[in-house]
Amino acid sequence: LWRKVLVTGASGYLGGRLCHALLNLGYCVKAFVRRTSDISSLPPPTDGGASGGALHLVYGDVTDYPSLLEAFSGCHVVFHAAAIVEPWLPDPSRFSSVNVGGLKNVLKAYKETKTIEKIIYTSSIFALGPTDGRIGDETQVHSAKDFCSEYEKSKAIADKIALDAAAEGVPIVLVYPGVIYGPGKFTTGNIVAHMLVERFNGRGYVGQEKGFSFCHIDDVVQGHIAAVTKGRLGERYLLTGQNASFKDVFDIAATITQTTKPGFRVPLFLIEAFAWLCVLFSRITGKLPLISPPMVRVLRHQWAYTCDKAKTELDYNSRSLREGLMEMLPRIRVFMLPQLEEIVHLVHIPDCNWIINHKRRI
């Protein structure tokens, strides 16, 4: 049942990890990627293995309807994970064209294909808005009065479109990851890894005592897969985790590595000034900034959510930050200087000497 699935955004942090998991479970996976995408994190294409799974690369773009429609052919389930997750882009219209237009094309292709039995749509807690002073759940609706970023705005608009489609009978399940972290691609989708590297490189930490809902990548992947068989049509499921501040994340990382907890917090007004400089520099170089004004606006709010509904209905399991960071830190230690050699013997990991020697050769 539902053995042939399509994953949009398959070259992304979440999409790539999802393809691996589906393949291991024996699914026949169509990985929908752009021809310019970095597909190094995807499994090699295969016609089947011991598990019976198979992976096929399908080239196209969610904004290019003909290519998307062709990718739908023969599939029973669609995981629509494609999205632009950058907090800032020089051309903000891309957020709407990909995050909103892409979903519209998925819904259009569903109606034309006639074979799709279920759509798992990857939304985001940012589509529901901040939760200042409380813990949010699936009943929250974005006020739509103010947005911290174009990303947040586009996901909120797409969220309403998905809910309207569900009300019209489209077999769609909406899942809402929090701030995803874990091993895997070192991308914007894994912002926690970026911030940990900055912290261990002695640049202090950013953020206030505002809570975010942190979720491990593998927990989120399993939540997506569970939504196929257990998710009720038209329902929302928060795939979140431990609510904590970024300071909590850094403190836990310091405890794990037996290093000094960060004592210097960079004030947000300084970060905001630096963010504007980063944007200016980005316009000159063409490289996206590590931090931008929209990201600073996000840091001024709380984004704390409960995942009780997913735990009850999807058997969703969310590991603690300590558990997740214990696994993640050794994977990113190669980027952590100058404290790398100081902490390498404190977190047990195979081949750690190779990692140090490799870094020296670089």
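The values are calculated or read from the model by the stated rules, or taken from the named source; none is laboratory data. Predicted model, so just to flag it, every value in this text is computed and none were measured. No Cβ is skipped: glycine too gets one built from the backbone with ideal geometry, and neighbour counts run over all protein chains shown.
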Unmet criterion (only one of (1) in contact with a Gly (Cβ under 9 Å, 6 or more places away or on another chain); (2) surrounded by fewer than 21 Cβ atoms within 10 Å (Cβ to Cβ)) for K30 = (2)
Checked the range 66-85 for anything surrounded by fewer than 16 Cβ atoms within 10 Å (Cβ to Cβ) and in contact (Cβ under 8 Å) with a residue 60 or more places away in the chain; matches are G74
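Please verify whether the range 90-104 includes one or more residues that are closer than 23 Å to V228 by Cβ and assigned to a loop (DSSP other than H, G, I, E, B). I'd like the intermediate steps shown before the answer.
Filtering the range 90-104 down to residues closer than 23 Å to V228 by Cβ leaves 99, 102-104.
From the residues that got through so far, the ones that are assigned to a loop (DSSP other than H, G, I, E, B) too are none.
No - not one qualifying residue is present in the range 90-104.
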Unmet criterion (only one of (1) modelled with pLDDT under 95; (2) in contact with a helix residue (DSSP H, G or I) (Cβ under 7 Å, 6 or more places away or on another chain)) for P45 = (2)
Filtered residues of the range 42-65 (kept if touching a Cys at 6+ places or on another chain (Cβ under 9 Å), surrounded by 15 or more Cβ atoms within 10 Å (Cβ to Cβ) and assigned to a loop (DSSP other than H, G, I, E, B)) = L42, P43, G53
Qualifying positions in the range 27-52 - touching a strand residue (DSSP E or B) at 6+ places or on another chain (Cβ under 7 Å), farther than 23 Å from T113 by Cα and either without any contact (Cβ under 8 Å) to a residue 24 or more places away in the chain or not aliphatic (A, V, I, L, M) (or both) | R35, P43, P45, T46, D47, G48
Within the range 65-73, is even one residue over 17 Å from N105 (Cβ atoms) and not aliphatic (A, V, I, L, M)?
-> no
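Kindly establish whether G286 is without any contact (Cβ under 8 Å) to a residue 40 or more places away in the chain, surrounded by fewer than 17 Cβ atoms within 10 Å (Cβ to Cβ), out of contact with any strand residue (DSSP E or B) (no Cβ under 6 Å at 6 or more places or on another chain) and on the phi > 0 side of the Ramachandran plot. Break it down into steps so the answer makes sense when it comes.
Numbers: without any contact (Cβ under 8 Å) to a residue 40 or more places away in the chain: yes; surrounded by fewer than 17 Cβ atoms within 10 Å (Cβ to Cβ): yes; out of contact with any strand residue (DSSP E or B) (no Cβ under 6 Å at 6 or more places or on another chain): yes; on the phi > 0 side of the Ramachandran plot: yes.
So G286 fits the description; yes.
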Just to be sure, is R283 of a type in the set (K, R), modelled with pLDDT of 95 or more and either under 30 Å from L23 (Cβ atoms) or over 17 Å from the mean Cα position of the chain (by Cα) (or both)?
-> no
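Quick check on this structure: which one of I191, I125 is under 20 Å from V296 (Cα atoms) and in contact with a Gly (Cβ under 7 Å, 6 or more places away or on another chain)? Walk me through how you get there before you give the answer.
Numbers: I191 fails: in contact with a Gly (Cβ under 7 Å, 6 or more places away or on another chain).
Residue meeting the stated conditions: I125.
How many of the residues in the range 142-164 are farther than 20 Å from P87 by Cα and modelled with pLDDT under 95? Please lay out each step first, then the result.
Filtering the range 142-164 down to residues farther than 20 Å from P87 by Cα leaves 160-164.
Narrowing the set further to residues that are modelled with pLDDT under 95 leaves none.
Here the count works out to 0.
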Please tell me if R3 is at pLDDT below 95 and surrounded by fewer than 19 Cβ atoms within 10 Å (Cβ to Cβ).
-> yes
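Give the range 86-96 a look and list any residue that's touching a residue at least 12 places away in the same chain (Cβ under 8 Å) and surrounded by fewer than 20 Cβ atoms within 10 Å (Cβ to Cβ), or say none. It would help to see each step written out before you state the result.
If we filter the range 86-96 for residues that are touching a residue at least 12 places away in the same chain (Cβ under 8 Å), which is where we start, we get 86-90, 92, 95-96.
If the condition is that a residue be touching a residue at least 12 places away in the same chain (Cβ under 8 Å) and surrounded by fewer than 20 Cβ atoms within 10 Å (Cβ to Cβ), then E86, L89, P90, P92, S96 are the ones that fit.
If I ask for residues that are at negative phi, polar (S, T, N, Q) and not in a helix (DSSP H, G or I), which ones from the range 236-283 would you list? Before you say what the answer is, go through the steps one by one.
The initial filter retains those residues of the range 236-283 that are at negative phi, namely 236-257, 259-283.
Going one step further and asking which of them are polar (S, T, N, Q), we end up with 240, 242-243, 245, 255, 257, 259-260, 282.
Result: T240, Q242, N243, S245, T259, T260.
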Does at least one position in the range 17-26 carry a residue that is more than 18 Å from T113 (Cβ to Cβ) and part of a loop (DSSP other than H, G, I, E, B)?
-> yes
Which of (1) closer than 29 Å to K230 by Cβ; (2) β-branched (V, I, T); (3) in contact with a Ser or Thr (Cβ under 9 Å, 6 or more places away or on another chain) does I116 not meet, given it meets every other one?
-> (3)
Look at S11 and say whether it is closer than 22 Å to L69 by Cα and part of a loop (DSSP other than H, G, I, E, B).
-> yes
Name the residues in the range 106-134 that are in contact with a helix residue (DSSP H, G or I) (Cβ under 9 Å, 6 or more places away or on another chain), outside any helix (DSSP H, G or I) and modelled with pLDDT of 95 or more, would you?
-> I116, K118, I119, I120, Y121, T122, S123, S124, L128, G129, P130, T131
